[in-house]
Amino acid sequence: GQEITYVLTATNLANALSAAENVTVTDTLPDNLTFVSATPSSGTCGTIPAVGGVTGSTTTNDVICNLGTVNHGAQRTVTILARANTLTSQGVASITNVASVSTTTNETDTTNNTATLTTAIQPPSLDLLVNKTDSVDPIEVGEDTVYTISVTNVGPSAAEDVVLTDTMPPLRLS
């Protein structure tokens, strides 16, 4: 699927009275996304699920980033990359991402500490082509041949969980 980029911004307004200490951003990713990365402008991110893991499968969906101190009039960002999977689009028109920020410093206004973003999801558009060739044609009785099967996706979406079944005739095979 296509990558989704979330950019989270934690801002300590210029009219703030002091620096915000121990700033933490928590981003709750929607289910059925493959987590790619989380990159903070400063500080560190602990991620669950692990890189390459699918959200909602066996773990929580939280990406938690500790950004340290944000001075008044300053901001810190976290860029999160995830990829939509085929499961993401099955029966789902949109996904919702929720992010929040917290600090150990007393705040005068906590009503602006959460943001929600809804993203439309389109089902994948695939065009799979299959081709089968043999190494000897025509083949004589008792001769061996090798069949080569290739599958190509001409897209535009990535094809996931593709299964190819080749049913051979039950007679005359050894």
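Listed values, structure above:
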{"item": "Strands (runs of 3 or more DSSP E) (entirely within segment 83-150) containing at least 1 residues that are over 23 Å from Thr165 (Cβ atoms)", "result": "94-102, 114-120"}
{"item": "Conditions (1) part of a strand (DSSP E or B); (2) at positive phi; (3) open to solvent by 70 Å² or more (accessible area, probe 1.4 Å): number failed by Asp161", "result": "(1)"}
{"item": "Of the criteria (1) open to solvent by 70 Å² or more (accessible area, probe 1.4 Å); (2) touching a residue at least 60 places away in the same chain (Cβ under 8 Å), which one Pro156 fails", "result": "(2)"}
{"item": "Condition broken by Ser174, with the remaining ones in (1) modelled with pLDDT of 85 or more; (2) open to solvent by 90 Å² or more (accessible area, probe 1.4 Å); (3) among the hydroxyl-bearing types (Ser, Thr, Tyr) satisfied", "result": "(1)"}
{"item": "Filtered residues of segment 124-143 (kept if within 30 Å of Thr96 (Cα to Cα) and either loosely packed, with under 11 Cβ neighbours inside 10 Å or over 17 Å from the mean Cα position of the chain (by Cα) (or both))", "result": "Ser125, Leu126, Asp127"}
{"item": "Tally, over segment 136-165, of residues that are modelled with pLDDT of 80 or more and within 30 Å of Gln2 (Cα to Cα)", "result": "12"}
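Per-residue answers, yes or no, for (1) open to solvent by 40 Å² or more (accessible area, probe 1.4 Å); (2) under 17 Å from the mean Cα position of the chain (by Cα); (3) farther than 18 Å from Val7 by Cβ:
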{"position": "Thr28", "(1), (2), (3)": "yes, yes, no"}
{"position": "Ile95", "(1), (2), (3)": "no, yes, no"}
{"position": "Thr111", "(1), (2), (3)": "yes, no, yes"}
{"position": "Gln122", "(1), (2), (3)": "yes, yes, yes"}
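The values are calculated or read from the model by the stated rules, or taken from the named source; none is laboratory data. Worth saying up front: this structure is predicted, and the values here are computed from it rather than measured. All Cβ positions, even for glycine, are placed from backbone atoms using ideal geometry, and neighbour counts span all protein chains on display. These area figures cover heavy atoms from the full protein model, side chains too; ligands, DNA and RNA do not enter into them. Shrake-Rupley method; radii C 1.70, N 1.55, O 1.52, S 1.80 Å.
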